[in-house]
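Asks: So that we are looking at the same thing, I have put the structure below in structure tokens.
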């Protein structure tokens, strides 16, 4: 088949089933359908109520091509070359369309983006949530008519944009800031460090340095020699003998 796409493939399949002897496989390949779907069209179970469209009258197939396919069921049908060059339609990029049911959530999404991604430009916020520049300025200046009631909400959770679109805009903003930093010759910002408690707790002055002393491990016990063990046993016996003598004297 050529690169040209078939118009109304299911209606064309209905016409080919009703008016030609092409095989189901040929029709399925031409129309981009499954063979069982084409068989269902022939049985009347599929595409009920769809009126067949003649591909010859629309210039998509020639009678000769159909006849060649009917003679040889292994033949692959080819669409006729288009006589009119249709230019490719390029969609114009603009503000994202927001359903009516979600439009009241846009200010909350704008506030969330301002707080969590301040690097985003107004044009990026407009693309993400489909809002206007005056609305963004009013929310930033807190002159929006509903400013007291606004609550920051993730636009992805609200369904105003996809996570992929949000990540893409954030990456673009990060690259832009990095490019601007290099142009100005600024050094990259260093990560912050924790401040001492004397600066973070009000009224707490400088604290003395505390030295942590690690206790020494107990010395490993050495084995007693034979003389030391004998001396210890005799000392124990003397103590026991002295205690027995004292008990006898107290009984007398």
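Asks: Please go through segment 12-33 and give me each residue that is modelled with pLDDT of 90 or more and either more than 20 Å from residue 64 (Cα to Cα) or loosely packed, with under 15 Cβ neighbours inside 10 Å (or both), ordered by number.
Replies: Those that are modelled with pLDDT of 90 or more and either more than 20 Å from residue 64 (Cα to Cα) or loosely packed, with under 15 Cβ neighbours inside 10 Å (or both): 18, 19, 21, 25.
Asks: Now for a separate question. Among the residues of segment 123-153, which ones are within 20 Å of residue 173 (Cα to Cα) and crowded, with 16+ Cβ neighbours inside 10 Å?
Replies: 124, 125, 126, 127, 128, 129, 130, 131, 136
Asks: In this structure, is residue 131 under 15 Å from residue 104 (Cβ atoms), assigned to a loop (DSSP other than H, G, I, E, B) and more than 18 Å from the chain's Cα centre (by Cα)?
Replies: Taking the combined requirement at face value, the residue satisfies it.
Asks: Which of the numbered conditions does residue 199 fail, given that it passes all the others? Conditions: (1) closer than 30 Å to residue 116 by Cα; (2) assigned to a loop (DSSP other than H, G, I, E, B); (3) at pLDDT below 55.
Replies: The number of the failed condition is (2).
Asks: Give the number of residues within segment 49-78 that are under 12 Å from residue 11 (Cα atoms) and in contact with a helix residue (DSSP H, G or I) (Cβ under 9 Å, 6 or more places away or on another chain).
Replies: Here the count works out to 6.
Asks: Mind listing whichever residues of segment 108-128 are in contact (Cβ under 8 Å) with a residue 40 or more places away in the chain and assigned to a helix (DSSP H, G or I)?
Replies: 108, 109, 111, 112, 113, 124, 127, 128
The values are calculated or read from the model by the stated rules, or taken from the named source; none is laboratory data. Predicted, not measured: the structure shown is a model, and the values here were computed from it. Glycine gets a Cβ as well: all are built from the backbone with ideal geometry, and neighbour counts include every protein chain shown.
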